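Every number in this text was worked out from the coordinates using simple rules, so none of it is lab data. Everything numeric in this text was worked out from a predicted model, so none of it was measured. Using ideal geometry, Cβ is built from the backbone for each residue, glycine included, and neighbour counts are taken over all protein chains shown.
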Amino acid sequence: MNHQHTSLGDVHQSVDMTGSGGARWRKLLAFFGPAYLVSVGYMDPGNWATDLAGGSQYGYKLLWVLLMSNLMALLLQSLSARLGIVRGRDLAQANRETYPAPVNFILYILAEIAIAATDLAEVLGMAIGIQLLTGLPLEWGVSITVFDTFLLLVLQRYGIRKMEAFIIALVAIVGISFLIELIMAKPALNEVVVGFIPSIPDNAALYIAIGIIGATVMPHNLYLHSALVQTRKIKRDDAGIKQALKLNFIDSAVALNLAFLVNAAILILAASVFFKAGHTDIAEIQDAHKLMEGLLGSKLAPMLFAIALIAAGQSSTVTGTLAGQIVMEGYLSLRINPWLRRLITRLLAIIPALLVILIAGPDKVGDLLVFSQVLLSMQLGFAVIPLIHFVSDKKTMGKFTIKPIVKVAAWIITIILVYLNGRMVYTEAAKYIAGNSNVFVDIIIIAAGIGFITLLFITIIYPMMSRSWPKASAQIHHTHEITLGKLQVPVYYRIAMALDFSKDDEKIIANALAHGNPQTEYLLIHIVESASAKYLGRESDDFETRKDQEQMDKYVTLLRSRDIRAKGLLGYRHRAKEIVRLVKEEKADFLVLGGHGHTGIKDWIYGETANQVRHQVRIPVLVVQ
């Protein structure tokens, strides 16, 4: 069986949408949430840098870029959500099932780079906000941000709805802060409207425009949205899926338009306050904060600016670390302790941020923020192209395949993004090569460009092939340690066995049968490691739960066909605690389970089950290799 892990196992299908009762607006509100977490990525500190640069240097002229980016985002996020709702897959999982292993590994590395770039903007934004509000040095602010990594762990304990409420509250702080500042700035509305007429004044404006696009349509959001929609448990019939797609589109339209208004407010504020006053070189968030009090004539303005910056950075850190978890589990099928994954994600951002501050100085932070957004924009094609292929595939999407007009629009957007990115990269690379005398560095740049084009070609062509390369199962296989402890061999009548649905289950079952007799009843236990398991318990009905139930039913049927009394039990929460609970509830008098064989640091990374279980039950426990 190709046993797949679910996306965001901790919160998968934790919001039940299958109830038939209740008002229509209640169901709508219950579905609202995923797009708001996604929208956070559209108003993070990286956006601030590009919006401030665009507004201060070119006035309202780049407002149309924001609008275009928002429309692109709405379409692409809808496709991402469609993939998650219809197929029950996030983008990383779908890639793993489609592309060959070498291509997947490169796509994984690029996705991690995109997430690191996103987190870099969040780290710098938070640190700048703390500095502006408290005067704390930037390097200390960056170091402090490592601790907010654990905020997500706390939030997840209260469920996905509480997490969404927390994020929406932070987004509201950002929105209200800029609304107040706009009222203070009093922009000329007739000039604002003119800004929606497309124009690119010069190459510098193109660089900023691409940065704005990169800050708006971000690769990690496509991975994130395809997973977050799976936190809603829906009816898996055509009507249920159709309703979920409709509710998601409304959710996305509202959330992303709110994000657009926030971004537009930042750019308009920069244009009306700085550009009008002749301060056309404002690309640094610190400079914008410094000048606000004098130009707006209020001490409240810079304070609101700093508070909004901290709120934006704090909300973004939650979604950034979630995206990191999705990418690692989806591409590598590697499931490690959530807090460790989030710590890794944050350190990948903190280290380069600290290096830039310590080596180049704090005055280069603004350049680093803009560069992070351009770097994000360069990764877009490798997320968007596979996504379009997946939602266009009639074999896997059935009647929910996207319509031809949507497909054409998606490809046009992709061509625009890839062209703009290619033009920018080519221009910058040509400038560097022209002024560089090191041939070795020039060769590396040219080779990277060829590799970039080759990978784009593969991502476009490969899914069109009739059959993909065989893919490895997404299941994690563990080795097992030798039997623990000295076991007594009395007569047992209720033997429990903990199975992981791997090739080693046969050993566990054989050992259990060896300790039984014709009157023994065998209790088959498996713990579902999905989000739904953590929050919905036995009400879980996600892809992993369904597949696990099917596998359990097969085992029970096979044993009963041999006149062996068997009963299947699924657990849905903490692995060790659930095994202990089921063993006690079923009054088992003997337990057989497999040991992971982890020692030392591996116990710290993956967690341990056997030791926790054997210390909490008062029956003999056999740990088989």
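Before moving on, here are some points about what is shown:
- Neighbour-count ranking [beta-carbon atoms within 10 angstrom, fewest first] of Glu521, Glu585: Glu585, Glu521
- If R0 is taken as 22 Å, the Cβ-Cβ distance between Ile450 and Ala101 corresponds to a FRET efficiency of 0.55.
- Residue order, fewest to most surrounding Cβ atoms within 10 angstrom, among His526, His574, His289, His225: His574, His289, His526, His225
- Residues Arg161 and Ala434, FRET efficiency given R0 of 56 Å [Cβ-Cβ distance, rounded to 0.05]: 0.50
- Residue order, fewest to most beta carbons within 10 Å, for Glu578, Glu139: Glu139, Glu578
- Gyration tensor (alpha-carbon) shape descriptor, the stretch 84-127, a/c threshold 1.5: oblate
- Net charge contributed by nearby residues that have their C-beta within less than 15 Å of Gly195 (K/R +1, D/E -1): 0
- Distance-filtered residues of the stretch 492-521 - backbone nitrogen under 12 Å, label point 7 angstrom along Asp563 Cα→Cβ: 518-519
- Amide H partners (placed H, <5 Å) of Val624, local residues excluded: Leu593, Gly594, Gly595
- Calculated FRET value between Met465 and Leu179, using beta carbons and R₀ = 41 Å, to 0.05: 0.20
- Magnitude of the charge dipole, the stretch 22-380, Cβ model with Lys/Arg +1 and Asp/Glu -1, debye to 20: 1660
- The stretch between Arg423 and Lys186 holds 81.6 nm of extra length on full extension. This uses 0.36 nm per residue minus the Cα-Cα distance.
- Flagged links, alpha-carbon separation over 21 Å, of Lys235/Lys403; Lys61/Lys186; Lys507/Lys577; Lys233/Lys587; Lys162/Lys233; Lys186/Lys299: Lys235/Lys403; Lys507/Lys577; Lys233/Lys587
- Less than 5 angstrom separates the built amide H of Arg565 from those of Tyr522, all sequence-distant by 5 or more or on a different chain.
- Cα shape, the stretch 22-380, gyration tensor, a/c 1.5 rule: prolate
- Simple label model, 7 Å out from Cα along Cβ direction - Ile109 to Ile405, nm: 4.2
- Cα gyration tensor shape for the stretch 382-464, rounded if a/c is under 1.5, else prolate or oblate: prolate
- Spatially, the stretch 180-236 and the stretch 437-455 are offset by 31 Å when compared through their Cα centroids.
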